[in-house]
Amino acid sequence: MLRRLIFGFLVWLVIVSPTIAKSNIFVAASLSDVVQALVDASNIDQLVVVTGGSSSLARQIKAGAPADMFISANKDWAELVAGERDLTALFSNSLVLVSQQPTTIKDIDALPTQLDNKRLAIADPNHVPAGIYAQQALEYLGIWQDLSDKLAPTENVRLAARLVQIGAAPYGVVYASDAQLLKLNVAYSFPEQSHVAIHYWSVKLNSGKRDIDAFEQFLGSDEGRAIVAQYGFVPNEFAANEFVPIEGE
């Protein structure tokens, strides 16, 4: 009897599993919450969100990881993965300095002194998009050299935000969306001209998958754009086709 049940279960896996295959959406760590909210709202059951640093995910995809869609916080990493495929700029973000304590920094030049012997939480500027933007902004403001030996680099921007949240670092440079999500105090907002514009780029890696096509349409719908804004991002204008849910799946 037990053998029959096991055999029946194995047969069910062989017959049914192709019809319930999942589609993987690889997304930058700073997008984990908003993309999961978008997936949930779309009611497309086949989608799985995989999060990590844009650079790390790009390398995994190039090494053969089964991604059907990639949303990156950096255009270079998106282009590396895309090859000849088209990129879409989905939404934008801004850069802020957050603090655990409620304070406002009017003179950003004073930041190195205020840190004293403590550390500034920052995504690794050697390869993480948020860290690259942060270095650009701090260089523009003329304080990068004074801060370069006071950094606490992390593998993604969400971890930098968490360091501030738990008090492991008094300040951190993160996206405005992370500050909003984690309810962190914004001590300073970096000028837009201080760094390259922050856009999130998507590329479809497995053309013809109906669930991925439907999700891309949902991203451009009014409901999708409202969710993006709710999480502190700025929706970009792109081809917002009418969202038509997949039926019968």
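The values are calculated or read from the model by the stated rules, or taken from the named source; none is laboratory data. Just so you know, these numbers come straight off a predicted model, no measurement behind them. Don't worry about glycine lacking a Cβ; one is built from the backbone with ideal geometry, like all the others, and counts go over all protein chains shown.
Structural remarks
- Any hit, region 102-121, residues being without any contact (Cβ under 8 Å) to a residue 60 or more places away in the chain, buried (at least 21 other Cβ atoms within 10 Å of the Cβ) and farther than 24 Å from Lys62 by Cβ: yes
- Residue in region 218-227 that is in contact with a strand residue (DSSP E or B) (Cβ under 8 Å, 6 or more places away or on another chain), closer than 22 Å to Pro129 by Cβ and not in a helix (DSSP H, G or I) present: no
- Matching residues in region 75-101 - criterion: being among the polar types (S, T, N, Q), under 21 Å from Leu184 (Cα atoms) and surrounded by 13 or more Cβ atoms within 10 Å (Cβ to Cβ): Ser92, Asn93, Ser94, Ser99, Gln100
- Residues of region 133-147 satisfying the condition of being in contact (Cβ under 8 Å) with a residue 60 or more places away in the chain and surrounded by fewer than 21 Cβ atoms within 10 Å (Cβ to Cβ): Gln136
- The condition (being in contact with a helix residue (DSSP H, G or I) (Cβ under 8 Å, 6 or more places away or on another chain) and among the acidic types (Asp, Glu)) is satisfied by just one residue among Glu223, Glu216: Glu223.
- Residues located in region 160-190, provided they are over 17 Å from Gln101 (Cβ atoms) and out of contact with any helix residue (DSSP H, G or I) (no Cβ under 8 Å at 6 or more places or on another chain): Ala176, Gln180
- The residues of region 51-73 that are within 24 Å of Ala229 (Cβ to Cβ) and without any contact (Cβ under 8 Å) to a residue 60 or more places away in the chain amount to a single one, Thr51.
- Apart from one condition, Ser202 fits all of (1) in the same structural domain as Lys75 (by TED's automatic domain parsing); (2) more than 19 Å from Ser94 (Cα to Cα); (3) not hydrophobic (A, V, I, L, M, F, W, C); the exception is (2).
- Residue-level check: of (1) at pLDDT 95 or above; (2) of a type in the set (S, T, N, Q); (3) over 24 Å from Gly208 (Cα atoms), Gln100 misses just (1).
- Among the residues of region 148-176, those identified as closer than 27 Å to Ile71 by Cα, of a type in the set (A, V, I, L, M, F, W, C) and buried (at least 24 other Cβ atoms within 10 Å of the Cβ) are Val157, Ala160, Ala161, Val164, Val173, Val174.
- Test for Ser99: is it among the small types (Gly, Ala, Ser) and in the same structural domain as Asn156 (by TED's automatic domain parsing): yes
- Contact annotation: residue pairs with Cβ atoms under 7 Å, 6 or more positions apart or on different chains, pairing a residue in region 149-176 that is more than 25 Å from Pro235 (Cα to Cα) with a partner that is assigned to a helix (DSSP H, G or I) and of a type in the set (Val, Ile, Thr), are Tyr171/Val164.
- There is at least one residue in region 231-246 that is within 16 Å of the chain's Cα centre (by Cα), under 27 Å from Gln101 (Cβ atoms) and either of a type in the set (Gly, Ala, Ser) or modelled with pLDDT of 95 or more (or both).
- Checked against (1) surrounded by fewer than 17 Cβ atoms within 10 Å (Cβ to Cβ); (2) over 30 Å from Ala63 (Cβ atoms); (3) in contact (Cβ under 8 Å) with a residue 60 or more places away in the chain; (4) not polar (S, T, N, Q), Ala187 passes all but condition (1).
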